[in-house]
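Everything on this sheet refers to the single structure shown next.
The values are calculated or read from the model by the stated rules, or taken from the named source; none is laboratory data. What you see is a predicted model, and the numbers here were worked out from it, not measured in a lab. Note that each Cβ is placed from the backbone with ideal geometry, even for glycine, and that neighbours are counted across all protein chains shown. To get the accessible areas, we keep the full protein, side chains included, count just its heavy atoms, and leave off ligands, DNA and RNA. Shrake-Rupley method; radii C 1.70, N 1.55, O 1.52, S 1.80 Å.
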Amino acid sequence: MMKNFAMAAVAAALLPTAGFANTPGVAAAATVATAPGVTYHTAKVRGLDIFYREAGPVTAPTVLLLHGFPSSSHMFRDLIPLLATKYHVIAPDYPGFGHSSAPSAAAFRYDFPTLANVVDELTATIGLTRYVLYMQDYGGPVGIRLAILHPERVRGLVVQNAVANVEGWNPQIVGGFAAAWKNRTPETEKVFRGAFTPEATKFQYVEGVTRTNRINPDAWVFDQTLIDRPGNDRIQVELLYQYQHNVELYPAWQAFLKARQLPTLVVWGDNDPIFTTKGRDLFRTLVPSTEVHSYPAGHFALETHAPEIAAAMLGFLDRLP
């Protein structure tokens, strides 16, 4: 009972219900009662089953949530209900992640243009023609490719710990990857494999976190269980190797963002051990109107600051033309 009341109170604080402004308890109950539930689907794309979560009124503007590594749409489980009271929300799993098909690395081309094309074809399959892109980690190179491919479809960008500049990386991490990008051998591939050990997966969730009691261990246990599926190591190694081509495109992506001046919101975990605040600050340099919200959080800031990020997003989304 207390848990349900607390959830209702959070929802009411974020989204006051018209007509109940003077009766907070009733407003909270009404908001929760009318909030659409999350539904779960798969769609056929290139012969693959692509899983996605959906919530919110289908007639409302769409927010397309693009997850990072080593997670999936599971990372948005707390955010989706908070947005869905007013917006249509879609959160897919890329091939090789979450509940989507995971063909072997020998049978499927695992690179970022392909991931972006699969998401693009998914949007066409389910009828999305306009959306705001939320990009975290791998969602950055997937989302920016979508924006370049269909700039007319993108109403705005929400960036959460995704980078488009080398300076936005922890130098030690990008330095280790760069050595393997230059000379790929079984020995140099070890730096990639080190990124998806159980210890590394947990590290990405807990490092830099200030609200330690809000970290749900289900997050990294779920991710690791899927990473440990037979053959998935080759998928993850391939994608980390292919990431070098994202880095090569950073100047072109920066030019695109500067030219288009898309409405942009940055919600950033400032204690991220992978991506630094120089990655955060780039977006305001390129798009001076960028709205920036920083949190004392890590790489997966939604794990500890979902209500605050949802509030910032709702304000941003409400102001979009």
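Overview of results
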{"read-out": "Verdict on Glu199 being within 30 Å of Ser289 (Cβ to Cβ), in a helix (DSSP H, G or I) and of a type in the set (Asp, Glu)", "value": "no"}
{"read-out": "Residues within the stretch 159-187 that are out of contact with any Gly (no Cβ under 9 Å at 6 or more places or on another chain) and in a loop (DSSP other than H, G, I, E, B), tallied", "value": "6"}
{"read-out": "Flag for Tyr52 being open to solvent by 10 Å² or more (accessible area, probe 1.4 Å), touching a strand residue (DSSP E or B) at 6+ places or on another chain (Cβ under 6 Å) and under 28 Å from Asp272 (Cα atoms)", "value": "yes"}
{"read-out": "Subset of the stretch 80-132 (residues that are in a helix (DSSP H, G or I) and either under 21 Å from Pro230 (Cα atoms) or open to solvent by 10 Å² or more (accessible area, probe 1.4 Å) (or both))", "value": "Pro81, Leu82, Pro113, Thr114, Leu115, Asn117, Asp120, Glu121, Ala124, Thr125, Ile126"}
{"read-out": "Lone qualifier among Val209, Val221 - being modelled with pLDDT of 95 or more and either within 19 Å of Val119 (Cβ to Cβ) or crowded, with 16+ Cβ neighbours inside 10 Å (or both)", "value": "Val209"}
{"read-out": "Single condition Ile148 does not satisfy, out of (1) over 18 Å from Tyr87 (Cβ atoms); (2) touching a Gly at 6+ places or on another chain (Cβ under 6 Å)", "value": "(2)"}
{"read-out": "Failed criterion for Phe275 (all others in (1) touching a Ser or Thr at 6+ places or on another chain (Cβ under 6 Å); (2) surrounded by 18 or more Cβ atoms within 10 Å (Cβ to Cβ); (3) within 26 Å of Val191 (Cβ to Cβ) hold)", "value": "(1)"}
{"read-out": "Residue tally, condition assigned to a loop (DSSP other than H, G, I, E, B), open to solvent by 10 Å² or more (accessible area, probe 1.4 Å), in contact (Cβ under 8 Å) with a residue 24 or more places away in the chain and within 25 Å of Arg153 (Cβ to Cβ), over the stretch 278-301", "value": "1"}
{"read-out": "Criterion violated by Thr304 - all others in (1) open to solvent by 30 Å² or more (accessible area, probe 1.4 Å); (2) touching a residue at least 40 places away in the same chain (Cβ under 8 Å); (3) among the hydroxyl-bearing types (Ser, Thr, Tyr) satisfied", "value": "(1)"}
